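The values are calculated or read from the model by the stated rules, or taken from the named source; none is laboratory data. Just so we're clear, the structure is a prediction, and the values are computed from it rather than from any experiment. Because the Cβ atoms are built from the backbone with ideal geometry, glycine has one as well, and the counts that use them run over all protein chains shown.
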Amino acid sequence: MNVVTRFAPSPTGYLHVGSLRTALYSYLYAKQQKGTFILRIEDTDQARLVPGAVEALISTLTTMGLPPDKGPYIQSERLELYREHAHRLLEKGDAYYCFCTKERLLALREEQQATKAPMKYDRACLHVSQEEKEAKLAANEPHVIRLLIPEGKTTFTDEIRGDITIDNKEVDDQVLLKTDGFPTYHLAVVVDDNDMNVTHIIRGDEWISSVPKHVILYNMFGFAIPKFAHLPLILNPDKSKLSKRQGDVAVEDYLAKGYLPETLINFVALLGFNPTADREIYAFDELIQLFDLSKINKSGAVFDHAKLDWMNGMYLRTKSVAEIITLAKPFLEKAQVSIDPEFLTRICEIEKDRLITLQDLSDRALEYLQLSAYDPAMLIWKKADAADAHMHFVALLELLENITDETFADRTLLEAVVKKYIEEGSFQNGNVLWPLRAALSGKEKSPNPFELLWIFGKQESLKRIDHAVSLLK
RNA sequence: GGCCCCAUCGUCUAAUGGUUAGGACAUCAGGUUUUCAUCCUGGUAACAGGGGUUCAAUUCCCCUUGGGGUCACCA
C-alpha cells in the first residue's frame, strides 16, 4: 500500500505551530514510508478568504523543510465534485434539502439551550412534502443539503487512541452543501481524501468528535475508510488549547523573532512524541527514521518557551560565525544596523554562546556600536575605590597606547599584556579587570575585558577608557 | 450541560506487574571566572484519590476527582 498523507489547512494567512506539528508528522510518516505528502487548501469558507495566504503557506512550509510532493489542491476549484457527491446522497435518500432560515436555526438552538435539550437540527425539512420541496426549489429559495444520519452507533479506530464508539444520536444532520453551493468541511474532506487516495489522516484532536460524520459518509459513498490519527493538542501554560491570546502561535512569528526553522521542527516534533527519551536534539533525517505513529502521546502538551529558548541556543552554537551572520542579516537590516563586517564578526565570535535568537545578535551589535550612559560608580570594583580605578585607567591608557595593532588583533596577546601589568604591579585581578571591563562595556555584565579590547580595537578601546577617566574626576 | 478524550517531577517525556521511577528544560547549590554567558559537579522535585484483580500494582479493571476537546450554512 502506497502511503499518502496530507496537510489540509484553511488559508488563514499564517501557519499555527499546532499545524506545523501536524504537517511535520504527516510529512515524516510519508517520507519514512516512501509515500506521498499532499498539500490541500481548504478554502470553502468564502467569508474567511485571505488574499495571498496560499503563497505564504507554501513559502513557510518550504522554509520549514516540509515541501509538499503534490498540490496544492484547492477546494474552491473543485466545487462540481462536491455537488455531484451531495446529489448522489440526495438521490439515495441519505441526504435532504433544508430550507430553514438562519433565524429559525438560531431560535431552535436557543430553545434547545434553554431546555437543555441536545443541540441538534430538528429535521423539520425532512418532512416537507414533495410538491412543497419542488416548488421551493423552482422558486429558487435558498437551501442547503443535509446529511441524514442513520440510527445506530458508529465505531472507528484511531491509531493513537484505539477504538472509539459514538452513538449516532449524538451526531447532528450536518450541512453538506451550503446555500452558496460550497461544501462544508465534512463533505469536502471525505470526498477529497478519497479522491486523492489519502491513506492516513493525521490531524488535530479537535476533529475527533466529527469522525463519525465522516465514517458515515465514507460508508454511504462506499469509500474505503482511511486510518485516522488524532494528535493531542498543543497547550497554553494554563492547559487550554494554544491560542493567540496567550502569546505567539504562528510559525512566522517565531521565525521573525529569530528562532531557527530546525529548532522549531525539533521542538515541535518532541511535543507529544519522543523517539528515544535519552536525547533532545534530533536531525531531520533521524526524525524521519525514528518517527512512530504508535508512540505518539495521548495527552496534550504545553508549549514551553523556556525549552524552546534553550534549544535554539543549542542549534545556534552548532553554527559557524559566518553562518550566524548570514542568518542574522535580515534582523540587522530590519533594525537598520550598519556595522563594519569585521567588527560584527568579532562581536559574533564572542557573543555566540550567549545568543538565544538571531534577533539577539542584532541587539548586541547595536549595544557595541554605541556606548550607553552608565553610573560612574559602576566603574569601581567592590574591593577598591575611585582613586584606585582612576590610577589603573591612567596606567592602562598608557600601556595600551603603546601596543601594536598586531597585538590588538590577538586576544591571547592582549590578555598577556594586561595580565603582565597586573603581575608586575602585584595588583588584584578584580582591581584592574573589573574597571577595565566596565569602562569598555558600560555594563555590569559583559564578556571579559580581553575580549572587549579585541572586539573594539585600539582606537575605540582608548576612547572608552578615556571617557571613564573623565567620569571619575 | 450532553457526548468524547486524557491523567508520571513546575514543563516536555521514558520505563516497568517486582526499578533507588530514568532523561531533558526550568529551578537551587557548588566549581571555573573580575562580572555575565558557556562549561563541569551535585541537589530539590512526579506515578491525582479510592476501590478491586494479583504473591506483588505507577503499570490491568472500575469509580471519583481534575483537565481538555466538541456540540455552526468555520475549518
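Kindly establish whether A:Val215 is in a helix (DSSP H, G or I), touching a residue at least 60 places away in the same chain (Cβ under 8 Å) and within 12 Å of RNA strand B (Cβ to nearest atom).
Values: in a helix (DSSP H, G or I): yes; touching a residue at least 60 places away in the same chain (Cβ under 8 Å): yes; within 12 Å of RNA strand B (Cβ to nearest atom): no.
The answer is no for A:Val215.
Look at the range A:342-380 and say how many of its residues are of a type in the set (A, V, I, L, M, F, W, C), assigned to a helix (DSSP H, G or I) and in contact with an Asp or Glu (Cβ under 8 Å, 6 or more places away or on another chain). Explain how you work it out, then say what you get.
Initially, the range A:342-380 is screened for residues of a type in the set (A, V, I, L, M, F, W, C), giving A:343-344, A:347-348, A:350, A:355-356, A:358, A:361, A:365-366, A:369, A:371, A:373, A:377-380.
Next, only the ones that are assigned to a helix (DSSP H, G or I) stay: A:343-344, A:347-348, A:350, A:358, A:361, A:365-366, A:369, A:377-379.
Add one more test, that the residue is in contact with an Asp or Glu (Cβ under 8 Å, 6 or more places away or on another chain), and what stays is A:350, A:361, A:378.
Here the count works out to 3.
Considering only the range A:423-439, I want to know if a residue exists there that is within 12 Å of RNA strand B (Cβ to nearest atom), under 25 Å from A:Gly313 (Cβ atoms) and at pLDDT 95 or above.
Taking every residue of the range A:423-439 in turn, at least one turns out to be within 12 Å of RNA strand B (Cβ to nearest atom), under 25 Å from A:Gly313 (Cβ atoms) and at pLDDT 95 or above.
Which fully enclosed helices (runs of 4 or more DSSP H) of the range A:239-318 have 1 or more residues being within 14 Å of RNA strand B (Cβ to nearest atom)? Steps first, please.
Values: elements: A:251-256, A:261-269, A:284-290, A:305-317.
Helices (runs of 4 or more DSSP H) meeting the threshold: A:261-269, A:284-290, A:305-317.
Look at A:Tyr73 and say whether it is within 26 Å of A:Gln174 (Cα to Cα), in a strand (DSSP E or B) and touching a residue at least 60 places away in the same chain (Cβ under 8 Å). Write out each step before concluding.
Details: within 26 Å of A:Gln174 (Cα to Cα): yes; in a strand (DSSP E or B): yes; touching a residue at least 60 places away in the same chain (Cβ under 8 Å): yes.
Taking the combined requirement at face value, the residue satisfies it.
Considering only strands (runs of 3 or more DSSP E) fully contained in the range A:99-199, which possess at least 3 residues that are more than 7 Å from RNA strand B (Cβ to nearest atom), farther than 30 Å from A:Thr36 by Cα and touching a residue at least 24 places away in the same chain (Cβ under 8 Å)? Reasoning before the result, please.
Details: elements: A:144-147, A:153-158, A:162-167, A:175-177.
In the range A:99-199, A:144-147 are the strands (runs of 3 or more DSSP E) which contain 3 or more residues that are more than 7 Å from RNA strand B (Cβ to nearest atom), farther than 30 Å from A:Thr36 by Cα and touching a residue at least 24 places away in the same chain (Cβ under 8 Å).
Please pick out the residue among A:Ala30, A:Ala47, A:Ala23 that is out of contact with any helix residue (DSSP H, G or I) (no Cβ under 9 Å at 6 or more places or on another chain), assigned to a helix (DSSP H, G or I), in the same structural domain as A:Leu264 (by TED's automatic domain parsing) and under 17 Å from A:Met196 (Cβ atoms).
Values: A:Ala47 fails: under 17 Å from A:Met196 (Cβ atoms); A:Ala23 fails: out of contact with any helix residue (DSSP H, G or I) (no Cβ under 9 Å at 6 or more places or on another chain).
After applying the criteria, what remains is A:Ala30.
Could you tell me which residue of the range A:1-29 is farthest from RNA strand B (Cβ to nearest atom), considering only residues that are out of contact with any Lys or Arg (no Cβ under 9 Å at 6 or more places or on another chain) and under 17 Å from A:Lys70 (Cα atoms)?
That would be A:Tyr27.
Would you check if A:Val418 is out of contact with any helix residue (DSSP H, G or I) (no Cβ under 6 Å at 6 or more places or on another chain) and in the same structural domain as A:Phe450 (by TED's automatic domain parsing)? Quick ask: steps written out before the conclusion?
Working: out of contact with any helix residue (DSSP H, G or I) (no Cβ under 6 Å at 6 or more places or on another chain): yes; in the same structural domain as A:Phe450 (by TED's automatic domain parsing): yes.
Here the answer is yes, as A:Val418 does meet what is asked.
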